[in-house]
Amino acid sequence: MNKPRLYSGMQPSADSLQVGNYIGALMQWRELQQSYEAFFSVVDLHALTQPNDPAELREKTRRTAAQYIAAGIEPSKSTLYVQSHVPAHAELAWVLSTVTGFGEAGRMTQFKDKSQRYGSDATSVGLFTYPVLMAADILLYQTDIVPVGDDQKQHVELTRDLAERFNARFGTTFQVPMPVIQQDTARIYDLQNPTAKMSKSAESDAGVLWLLDDPAVSAKKIMRAVTDSDGTVRYDRENKPGVSNLLVIFAALTGRQIPAIEDEFAGRGYGDFKKALAEVVTEEFGPVRARALEMLDDPAELDRVLAVNAAKAAEVADATLADVYDKVGLLRRV
Ligand code: ATP
Ligand code: LTN
(Lines give C-alpha, C1' and ligand atoms only; values in the text may rest on other atoms or scores of the structure.)
(Ligands and ions follow the chains in the order given, each with its own letter.)
Protein backbone atom coordinates (compact mmCIF):
# COMPACT_ATOMS: atom_id res chain seq x y z
CA MET A 1 0.00 0.00 0.00
CA ASN A 2 1.28 3.42 -0.89
CA LYS A 3 1.39 5.88 1.96
CA PRO A 4 0.01 9.38 1.35
CA ARG A 5 2.67 12.00 0.61
CA LEU A 6 3.72 14.85 2.84
CA TYR A 7 5.88 17.86 1.94
CA SER A 8 7.35 20.62 4.09
CA GLY A 9 10.43 22.78 4.31
CA MET A 10 12.24 25.57 6.10
CA GLN A 11 14.50 28.34 4.94
CA PRO A 12 18.16 28.19 6.02
CA SER A 13 17.85 31.67 7.46
CA ALA A 14 19.96 31.26 10.64
CA ASP A 15 22.81 29.21 12.11
CA SER A 16 20.44 27.59 14.54
CA LEU A 17 16.75 26.79 14.55
CA GLN A 18 14.70 28.18 17.41
CA VAL A 19 12.31 26.47 19.81
CA GLY A 20 9.27 27.58 17.77
CA ASN A 21 10.61 25.72 14.72
CA TYR A 22 11.16 22.66 16.90
CA ILE A 23 7.75 22.64 18.61
CA GLY A 24 5.74 24.08 15.71
CA ALA A 25 7.31 22.07 12.93
CA LEU A 26 10.00 19.46 13.67
CA MET A 27 8.13 17.61 16.43
CA GLN A 28 5.17 17.14 14.11
CA TRP A 29 7.30 16.23 11.13
CA ARG A 30 9.02 13.58 13.24
CA GLU A 31 5.64 12.10 14.16
CA LEU A 32 4.08 12.38 10.69
CA GLN A 33 7.02 10.73 8.91
CA GLN A 34 5.83 7.43 10.43
CA SER A 35 2.52 7.42 8.56
CA TYR A 36 3.37 9.47 5.45
CA GLU A 37 5.90 9.21 2.67
CA ALA A 38 7.58 12.45 3.68
CA PHE A 39 9.74 14.94 1.78
CA PHE A 40 11.53 17.62 3.82
CA SER A 41 13.64 20.23 2.13
CA VAL A 42 16.00 22.98 3.15
CA VAL A 43 14.73 25.68 0.81
CA ASP A 44 17.94 27.47 -0.08
CA LEU A 45 16.51 28.96 -3.30
CA HIS A 46 13.83 30.67 -1.23
CA ALA A 47 16.53 32.00 1.10
CA LEU A 48 18.04 33.93 -1.82
CA THR A 49 15.11 36.37 -1.50
CA GLN A 50 16.89 37.78 1.59
CA PRO A 51 20.36 39.30 1.51
CA ASN A 52 22.93 36.60 2.29
CA ASP A 53 26.64 36.22 2.61
CA PRO A 54 27.35 33.30 0.19
CA ALA A 55 29.67 31.36 2.50
CA GLU A 56 27.24 31.81 5.38
CA LEU A 57 24.28 30.62 3.32
CA ARG A 58 26.13 27.40 2.49
CA GLU A 59 26.92 26.89 6.17
CA LYS A 60 23.33 27.64 7.28
CA THR A 61 22.04 25.14 4.72
CA ARG A 62 24.19 22.37 6.20
CA ARG A 63 23.35 23.40 9.74
CA THR A 64 19.61 23.38 9.04
CA ALA A 65 19.83 19.89 7.52
CA ALA A 66 21.88 18.64 10.49
CA GLN A 67 19.28 19.96 12.91
CA TYR A 68 16.43 18.26 11.04
CA ILE A 69 18.28 14.95 11.47
CA ALA A 70 19.31 15.64 15.06
CA ALA A 71 15.68 16.39 15.92
CA GLY A 72 14.58 13.01 14.61
CA ILE A 73 13.92 13.31 10.90
CA GLU A 74 15.34 10.02 9.62
CA PRO A 75 17.13 10.43 6.30
CA SER A 76 16.77 6.73 5.56
CA LYS A 77 13.00 6.88 5.99
CA SER A 78 12.10 10.41 4.85
CA THR A 79 13.55 12.20 1.86
CA LEU A 80 15.52 15.06 3.42
CA TYR A 81 17.31 17.14 0.82
CA VAL A 82 18.43 20.58 -0.30
CA GLN A 83 16.04 22.30 -2.72
CA SER A 84 18.71 23.57 -5.15
CA HIS A 85 20.05 20.02 -5.57
CA VAL A 86 16.91 19.19 -7.54
CA PRO A 87 16.76 21.50 -10.57
CA ALA A 88 13.14 20.60 -11.31
CA HIS A 89 12.02 23.06 -8.60
CA ALA A 90 13.23 26.11 -10.48
CA GLU A 91 12.01 24.67 -13.79
CA LEU A 92 8.48 23.95 -12.63
CA ALA A 93 8.34 27.34 -10.91
CA TRP A 94 8.85 28.97 -14.31
CA VAL A 95 5.98 27.06 -15.90
CA LEU A 96 3.71 27.76 -12.93
CA SER A 97 4.54 31.45 -13.09
CA THR A 98 2.93 31.50 -16.54
CA VAL A 99 -0.40 30.37 -15.07
CA THR A 100 -0.24 32.66 -12.02
CA GLY A 101 -2.07 35.97 -12.18
CA PHE A 102 -0.09 39.12 -11.43
CA GLY A 103 -2.91 40.34 -9.20
CA GLU A 104 -3.21 36.95 -7.56
CA ALA A 105 0.47 36.95 -6.58
CA GLY A 106 0.19 40.57 -5.47
CA ARG A 107 -2.48 39.64 -2.93
CA MET A 108 -0.11 37.43 -0.91
CA THR A 109 0.10 39.09 2.51
CA GLN A 110 3.69 37.99 3.14
CA PHE A 111 4.75 39.74 -0.05
CA LYS A 112 2.72 42.84 0.79
CA ASP A 113 4.26 43.03 4.28
CA LYS A 114 7.83 42.44 3.16
CA SER A 115 7.71 44.68 0.09
CA GLN A 116 6.24 47.48 2.17
CA ARG A 117 9.05 47.13 4.67
CA TYR A 118 11.81 46.97 2.04
CA GLY A 119 10.48 49.64 -0.36
CA SER A 120 9.99 49.01 -4.07
CA ASP A 121 13.65 49.32 -5.11
CA ALA A 122 14.82 46.77 -2.58
CA THR A 123 11.92 44.41 -3.34
CA SER A 124 13.05 41.79 -5.85
CA VAL A 125 10.97 39.97 -8.44
CA GLY A 126 12.11 36.80 -6.62
CA LEU A 127 10.28 37.92 -3.50
CA PHE A 128 7.17 38.38 -5.62
CA THR A 129 7.38 34.89 -7.12
CA TYR A 130 8.41 33.24 -3.83
CA PRO A 131 4.96 31.58 -3.46
CA VAL A 132 5.15 30.20 -7.02
CA LEU A 133 8.44 28.46 -6.18
CA MET A 134 6.81 27.12 -3.04
CA ALA A 135 3.92 25.79 -5.15
CA ALA A 136 6.47 24.05 -7.39
CA ASP A 137 8.10 22.43 -4.32
CA ILE A 138 4.79 20.98 -3.25
CA LEU A 139 3.31 20.00 -6.64
CA LEU A 140 6.41 18.20 -7.94
CA TYR A 141 5.89 15.50 -5.33
CA GLN A 142 2.14 14.87 -5.86
CA THR A 143 1.75 15.92 -2.25
CA ASP A 144 -1.35 15.11 -0.19
CA ILE A 145 -0.65 17.21 2.90
CA VAL A 146 1.51 20.22 3.74
CA PRO A 147 2.03 20.84 7.46
CA VAL A 148 2.89 24.53 7.93
CA GLY A 149 2.34 27.43 10.28
CA ASP A 150 -0.61 29.72 9.98
CA ASP A 151 1.44 32.33 8.09
CA GLN A 152 1.96 29.91 5.18
CA LYS A 153 -1.69 28.94 4.78
CA GLN A 154 -2.32 31.50 2.04
CA HIS A 155 0.63 30.14 0.04
CA VAL A 156 -0.77 26.62 0.21
CA GLU A 157 -4.18 27.94 -0.90
CA LEU A 158 -2.47 29.54 -3.90
CA THR A 159 -0.76 26.20 -4.59
CA ARG A 160 -4.16 24.50 -4.62
CA ASP A 161 -5.57 27.14 -7.00
CA LEU A 162 -2.62 26.73 -9.37
CA ALA A 163 -2.92 22.94 -9.32
CA GLU A 164 -6.65 23.06 -10.06
CA ARG A 165 -6.18 25.65 -12.81
CA PHE A 166 -3.39 23.68 -14.45
CA ASN A 167 -5.36 20.43 -14.23
CA ALA A 168 -8.43 22.07 -15.76
CA ARG A 169 -6.42 23.65 -18.58
CA PHE A 170 -4.07 20.78 -19.47
CA GLY A 171 -5.63 17.64 -17.99
CA THR A 172 -5.02 16.05 -14.60
CA THR A 173 -1.37 16.47 -13.74
CA PHE A 174 -1.11 17.45 -10.08
CA GLN A 175 -2.47 16.09 -6.84
CA VAL A 176 -4.26 19.02 -5.13
CA PRO A 177 -2.63 19.29 -1.67
CA MET A 178 -4.28 20.06 1.67
CA PRO A 179 -2.70 22.42 4.18
CA VAL A 180 -2.41 21.05 7.72
CA ILE A 181 -2.23 23.96 10.10
CA GLN A 182 -1.14 23.33 13.63
CA GLN A 183 -3.46 24.64 16.34
CA ASP A 184 -2.89 27.86 18.20
CA THR A 185 -1.22 26.25 21.21
CA ALA A 186 1.70 25.28 18.99
CA ARG A 187 2.58 28.93 18.44
CA ILE A 188 5.61 29.94 20.48
CA TYR A 189 6.26 33.58 21.35
CA ASP A 190 9.40 35.59 22.01
CA LEU A 191 10.46 35.35 25.68
CA GLN A 192 11.10 39.09 25.91
CA ASN A 193 8.13 40.14 23.81
CA PRO A 194 5.50 37.44 24.40
CA THR A 195 2.97 38.81 21.94
CA ALA A 196 5.40 38.51 18.98
CA LYS A 197 6.12 35.12 17.38
CA MET A 198 9.53 33.69 18.22
CA SER A 199 11.46 33.92 14.98
CA LYS A 200 14.87 33.07 13.57
CA SER A 201 15.22 36.57 12.23
CA ALA A 202 14.10 38.48 15.34
CA GLU A 203 15.84 41.81 15.83
CA SER A 204 17.15 40.92 19.27
CA ASP A 205 18.02 37.38 20.27
CA ALA A 206 17.43 37.90 24.01
CA GLY A 207 13.99 36.30 23.75
CA VAL A 208 14.88 33.54 21.28
CA LEU A 209 15.74 30.03 22.50
CA TRP A 210 18.13 28.50 19.97
CA LEU A 211 18.40 24.75 19.56
CA LEU A 212 22.18 25.02 19.36
CA ASP A 213 22.66 27.44 22.26
CA ASP A 214 24.75 26.33 25.20
CA PRO A 215 22.24 25.04 27.84
CA ALA A 216 23.54 27.63 30.32
CA VAL A 217 22.66 30.42 27.88
CA SER A 218 19.16 29.00 27.33
CA ALA A 219 18.68 28.70 31.11
CA LYS A 220 19.65 32.34 31.56
CA LYS A 221 17.19 33.44 28.87
CA ILE A 222 14.40 31.47 30.54
CA MET A 223 15.19 32.93 33.98
CA ARG A 224 14.98 36.40 32.43
CA ALA A 225 11.79 35.75 30.44
CA VAL A 226 9.15 38.45 30.80
CA THR A 227 6.29 37.44 33.12
CA ASP A 228 3.90 39.59 35.20
CA SER A 229 3.36 40.72 38.79
CA ASP A 230 0.49 38.33 39.52
CA GLY A 231 2.83 35.57 40.71
CA THR A 232 0.69 32.53 39.89
CA VAL A 233 1.63 29.95 37.26
CA ARG A 234 -1.61 29.96 35.30
CA TYR A 235 -2.50 29.88 31.61
CA ASP A 236 -4.22 33.11 30.52
CA ARG A 237 -3.04 34.13 27.07
CA GLU A 238 -4.64 37.55 27.22
CA ASN A 239 -3.56 38.78 30.65
CA LYS A 240 -0.50 36.61 31.23
CA PRO A 241 1.12 36.13 27.80
CA GLY A 242 4.64 35.55 29.17
CA VAL A 243 3.71 32.83 31.68
CA SER A 244 1.27 31.26 29.21
CA ASN A 245 4.01 31.00 26.61
CA LEU A 246 6.35 29.29 29.10
CA LEU A 247 3.54 26.88 30.01
CA VAL A 248 2.98 26.01 26.35
CA ILE A 249 6.70 25.30 25.88
CA PHE A 250 6.78 23.20 29.07
CA ALA A 251 3.71 21.21 27.99
CA ALA A 252 4.90 20.66 24.43
CA LEU A 253 8.34 19.41 25.45
CA THR A 254 7.11 17.11 28.23
CA GLY A 255 3.91 15.89 26.56
CA ARG A 256 2.02 16.93 29.72
CA GLN A 257 -1.26 18.83 29.95
CA ILE A 258 -1.16 22.47 31.03
CA PRO A 259 -3.55 22.06 34.02
CA ALA A 260 -1.29 19.37 35.47
CA ILE A 261 1.67 21.73 35.26
CA GLU A 262 -0.34 24.56 36.83
CA ASP A 263 -1.20 22.20 39.71
CA GLU A 264 2.41 21.18 40.20
CA PHE A 265 3.49 24.81 40.57
CA ALA A 266 0.46 26.08 42.53
CA GLY A 267 1.63 28.27 45.41
CA ARG A 268 5.22 28.31 44.12
CA GLY A 269 6.84 31.33 42.50
CA TYR A 270 7.92 31.96 38.93
CA GLY A 271 11.55 31.26 39.91
CA ASP A 272 10.82 27.60 40.66
CA PHE A 273 8.77 27.22 37.51
CA LYS A 274 11.44 28.79 35.32
CA LYS A 275 14.15 26.64 36.88
CA ALA A 276 12.11 23.53 36.10
CA LEU A 277 11.53 24.70 32.53
CA ALA A 278 15.24 25.35 32.08
CA GLU A 279 15.86 21.73 33.09
CA VAL A 280 13.23 20.48 30.64
CA VAL A 281 14.81 22.51 27.84
CA THR A 282 18.31 21.31 28.68
CA GLU A 283 17.18 17.70 28.76
CA GLU A 284 15.37 17.96 25.44
CA PHE A 285 17.89 20.01 23.50
CA GLY A 286 21.13 18.73 25.05
CA PRO A 287 21.10 15.53 22.95
CA VAL A 288 19.73 17.32 19.85
CA ARG A 289 22.54 19.86 20.07
CA ALA A 290 25.18 17.15 20.60
CA ARG A 291 23.95 15.13 17.60
CA ALA A 292 23.80 18.20 15.35
CA LEU A 293 27.30 19.36 16.30
CA GLU A 294 28.66 15.86 15.79
CA MET A 295 27.22 15.76 12.26
CA LEU A 296 28.62 19.18 11.50
CA ASP A 297 32.05 17.86 12.48
CA ASP A 298 31.85 15.56 9.46
CA PRO A 299 30.38 17.70 6.68
CA ALA A 300 31.49 15.25 3.97
CA GLU A 301 29.27 12.53 5.42
CA LEU A 302 26.35 14.95 5.79
CA ASP A 303 26.81 16.08 2.17
CA ARG A 304 26.78 12.44 1.09
CA VAL A 305 23.48 11.77 2.88
CA LEU A 306 22.00 14.89 1.29
CA ALA A 307 23.17 13.79 -2.15
CA VAL A 308 21.59 10.35 -1.82
CA ASN A 309 18.32 11.96 -0.77
CA ALA A 310 18.43 14.56 -3.54
CA ALA A 311 18.70 11.70 -6.04
CA LYS A 312 15.62 10.06 -4.50
CA ALA A 313 13.73 13.36 -4.64
CA ALA A 314 14.79 14.04 -8.23
CA GLU A 315 13.34 10.73 -9.38
CA VAL A 316 9.87 11.79 -8.25
CA ALA A 317 10.25 15.44 -9.25
CA ASP A 318 11.62 14.70 -12.75
CA ALA A 319 8.67 12.44 -13.57
CA THR A 320 6.21 15.22 -12.70
CA LEU A 321 8.21 17.83 -14.60
CA ALA A 322 8.39 15.65 -17.72
CA ASP A 323 4.61 15.25 -17.63
CA VAL A 324 4.18 19.02 -17.23
CA TYR A 325 6.51 19.77 -20.17
CA ASP A 326 4.54 17.35 -22.33
CA LYS A 327 1.19 18.74 -21.28
CA VAL A 328 2.07 22.37 -22.01
CA GLY A 329 3.53 21.47 -25.41
CA LEU A 330 7.29 21.80 -25.03
CA LEU A 331 9.09 19.80 -27.71
CA ARG A 332 10.94 16.86 -26.23
CA ARG A 333 14.66 16.64 -26.84
CA VAL A 334 15.39 13.28 -28.48
P1 ATP B 1 12.22 33.49 9.65
O2 ATP B 1 12.37 34.44 10.79
O3 ATP B 1 13.46 33.28 8.85
O4 ATP B 1 10.97 33.69 8.83
P5 ATP B 1 11.02 31.54 11.39
O6 ATP B 1 11.79 31.16 12.59
O7 ATP B 1 9.89 32.48 11.58
O8 ATP B 1 12.03 32.08 10.31
P9 ATP B 1 10.21 29.73 9.28
O10 ATP B 1 11.45 29.25 8.63
O11 ATP B 1 9.36 30.74 8.61
O12 ATP B 1 10.53 30.19 10.78
O13 ATP B 1 9.28 28.51 9.62
C14 ATP B 1 9.68 27.16 9.64
C15 ATP B 1 8.61 26.36 10.35
O16 ATP B 1 8.63 26.64 11.75
C17 ATP B 1 7.20 26.68 9.87
O18 ATP B 1 6.44 25.49 9.77
C19 ATP B 1 6.65 27.57 10.97
O20 ATP B 1 5.26 27.48 11.11
C21 ATP B 1 7.35 27.05 12.22
N22 ATP B 1 7.53 28.12 13.20
C23 ATP B 1 8.36 29.17 13.10
N24 ATP B 1 8.29 29.95 14.18
C25 ATP B 1 7.35 29.38 14.99
C26 ATP B 1 6.82 29.73 16.27
N27 ATP B 1 7.22 30.81 16.92
N28 ATP B 1 5.88 28.93 16.82
C29 ATP B 1 5.46 27.83 16.16
N30 ATP B 1 5.93 27.45 14.96
C31 ATP B 1 6.86 28.20 14.37
N1 LTN C 1 7.66 29.38 2.82
C2 LTN C 1 7.89 28.41 3.88
C3 LTN C 1 9.02 27.48 3.54
C4 LTN C 1 8.66 26.60 2.39
C5 LTN C 1 7.73 25.52 2.40
C6 LTN C 1 7.75 24.99 1.09
C7 LTN C 1 6.90 24.99 3.38
C8 LTN C 1 9.17 26.65 1.13
N9 LTN C 1 8.64 25.69 0.34
C10 LTN C 1 6.91 23.93 0.74
C11 LTN C 1 6.08 23.92 3.02
C12 LTN C 1 6.08 23.40 1.72
C13 LTN C 1 8.22 29.16 5.17
O14 LTN C 1 8.68 30.26 5.12
N15 LTN C 1 8.04 28.54 6.30
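The values are calculated or read from the model by the stated rules, or taken from the named source; none is laboratory data. Every value quoted in this text rests on a predicted model; they were computed, and no experiment measured them. Don't worry about glycine lacking a Cβ; one is built from the backbone with ideal geometry, like all the others, and counts go over all protein chains shown. With ligands, DNA and RNA removed, areas are computed over all heavy atoms of the protein, side chains included. Shrake-Rupley method; radii C 1.70, N 1.55, O 1.52, S 1.80 Å.
A few points about this structure:
- For the chain, the relative contact order is 22 percent, taking Cα pairs closer than 8 Å that sit 6 or more residues apart in sequence and dividing their mean separation by the residue count.
- Relative contact order [Cα under 8 Å, 6+ residues apart], region 219-334, whole percent: 22 percent
- For region 43-100 and region 144-195, distance of Cα centres in Å: 17 Å
- Region 231-334: C-alpha gyration tensor shape, a/c 1.5 cut-off, then a/b vs b/c: oblate
- Residue-wise HN-Hα couplings along region 131-137, as the Karplus relation 6.51 cos²θ - 1.76 cosθ + 1.60 with θ = phi - 60° gives them from phi, are x, 6, 5, 5, 4, 4, 3 Hz; Gly and Pro carry x.
- Within region 258-303, the proportion of Cα pairs with more than 11 Å between them is 72 percent.
- For Asp15 and Ser229, a Förster radius of 35 Å and the Cβ-Cβ distance give a FRET efficiency of 0.45, rounded to the nearest 0.05.
- Extension gain, Asn239 back to Arg256 (0.36 nm per residue minus Cα-Cα distance, nm): 3.9 nm
- One decimal place: the segment Ser201-Arg291 gains 30.0 nm when fully extended, by the rule 0.36 nm per residue minus the C-alpha distance.
- Accessible carbon and sulfur surface of the chain relative to its total accessible area, %, 1.4 Å: 52 percent
- Full-extension gain in nm, Lys220 to Asp326, via 0.36 nm per residue minus C-alpha separation: 32.4 nm
- Prolate/oblate/rounded call for the chain, Cα gyration tensor, a/c under 1.5 rounded: prolate
- Using a simple spin-label model with pseudo-atoms 7 Å out from Cα toward Cβ, Arg165 and Glu56 lie 3.6 nm apart.
- Cα gyration tensor shape for region 16-168, rounded if a/c is under 1.5, else prolate or oblate: oblate
- Among the listed pairs Lys200/Lys274; Lys153/Lys220; Lys153/Lys274; Lys240/Lys275; Lys60/Lys114, those with a Cα-Cα distance over 27 Å are Lys153/Lys220; Lys153/Lys274.
- Charge tally in the Cβ shell below 12 Å around Pro299, where Lys, Arg are +1 and Asp, Glu are -1, Pro299 excluded: -2
- FRET efficiency for Thr123 and Asp303, using Cβ-Cβ distance with R0 set to 35 Å, rounded to 0.05: 0.55
- Accessible surface area normalised per residue over region 77-226 is 46 Å², counting heavy atoms of protein chains with a 1.4 Å rolling probe.
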